[in-house]
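Heads up: the structure comes next, in structure tokens.
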């Protein structure tokens, strides 16, 4: 009898695809540096090394980026696990929240709402904020029944801190301690966001 063929394991493609994407990203970085007239080292080295500043410069912002990244990764990984268990609605909720967190991560990392959109695309910062709020409401109202299962206190705290940070940015003069207050609210909000979503993932996968 002919030997039975083993089913093709698609997961075997994942490491290779990730490596190919990494190589393509490096190639695209080199091409962008050439086209934009930017030294390649400015796009590859750490910002502190490039600018010659202390490595702790921007540490609060960096910690916030790490928390955004952790939240998005945990949500998307948990979504894959939930889908394998057949919990499709939970998986959709986590995909939505993971995608939203990824959007906020990219915005924060590359200063989209305060630099790229207003100065290079002509979209006002207030419009960007409003768009994010609408996306947030659409996502979380769609899954409002799931939110009740995970508790809303941390999510509401995150939203309140983000709102306070935006108000400080818009209304308080940019002087000294104002930055500490504004960015302190923002980091507290990101931390609450991280705690809410990681707790939700833990409950879904239990």
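Every number in this text was worked out from the coordinates using simple rules, so none of it is lab data. Predicted model, so just to flag it, every value in this text is computed and none were measured. Don't worry about glycine lacking a Cβ; one is built from the backbone with ideal geometry, like all the others, and counts go over all protein chains shown.
With Rg and the Kirkwood Rh both taken from Cα atoms, where does Rg over Rh land for the range 99-193? Please report the intermediate quantities before stating the final value.
Working: Rg = 14.3 Å, Rh = 14.4 Å.
Radius of gyration over Kirkwood radius for the range 99-193 works out to 0.99.
Give me the extension gain from residue 81 to residue 127: residue separation times 0.36 nm, minus the current Cα-Cα distance, reported in nm with one decimal.
Details: separation 46, 0.36 × 46 = 16.56 nm, distance 3.57 nm.
Roughly 13.0 nm would be gained on extension.
For the range 160-206 and the range 84-125, what is the separation of their Cα centres, given in Å?
Using only Cα atoms to place each centre, the spacing works out to 16 Å.
At a Förster radius of 30 Å, what calculated FRET efficiency corresponds to the Cβ-Cβ distance of residue 20 and residue 170, to the nearest 0.05? Please report the intermediate quantities before stating the final value.
On the way: r = 44 Å, r/R0 = 1.45.
Calculated transfer efficiency: 0.10.
Per residue of the chain, what 222 nm ellipticity follows from adding -39500 (n - 2.57) for every DSSP H run with n ≥ 4, rounded to the nearest 500? Please report the intermediate quantities before stating the final value.
Values: 9 runs with 156 residues, N = 206.
Calculated from helices alone, the mean residue ellipticity at 222 nm is -25500 deg cm²/dmol.
Take the Cβ-Cβ distance between residue 179 and residue 106 as r, set R0 to 25 Å, and report the resulting FRET efficiency rounded to the nearest 0.05. All intermediate terms of the calculation are to be shown ahead of the outcome.
Numbers: r = 22 Å, r/R0 = 0.90.
Computed FRET efficiency for residue 179 and residue 106: 0.65.
Between residue 38 and residue 198, what length in nm is gained on full extension when 0.36 nm per residue of separation is reduced by their alpha carbon distance?
Details: separation 160, 0.36 × 160 = 57.60 nm, distance 3.91 nm.
Residue separation times 0.36 nm, minus the Cα-Cα distance, leaves 53.7 nm.
State the extension gain, in nm to one decimal, for the chain segment bounded by residue 163 and residue 136, taking 0.36 nm per residue of separation less the distance between their alpha-carbons.
On the way: separation 27, 0.36 × 27 = 9.72 nm, distance 1.32 nm.
Using 0.36 nm per residue and subtracting the Cα-Cα distance, I get 8.4 nm.
When averaged across all projection directions, what area in nm² does the alpha-carbon convex hull of the chain cover? Let's see the in-between values first.
Values: hull surface 67.8 nm².
In nm², the orientation-averaged hull projection of the chain is 17.0.
To the nearest 0.05, what FRET efficiency results for residue 49 and residue 27 with a Förster distance of 22 Å applied to their C-beta separation? Before the final figure, lay out each step's value.
Details: r = 22 Å, r/R0 = 1.01.
The value I calculate is 0.50.
Please sort 22-35, 84-97, 109-122, 183-196 by packing, taking for each peptide the average over its residues of neighbouring beta carbons within 10 angstrom, highest first.
Working: 22-35: 11.1, 84-97: 17.4, 109-122: 13.4, 183-196: 20.1.
Answer by packing, highest mean first, reads 183-196, 84-97, 109-122, 22-35.
Which order do the peptides 67-73, 156-162, 48-54 come out in when sorted by mean C-beta neighbours inside 10 angstrom, highest first? If you can, show how the numbers build up before the last one.
On the way: 67-73: 19.3, 156-162: 17.4, 48-54: 10.6.
Peptide ranking by packing, descending: 67-73, 156-162, 48-54.
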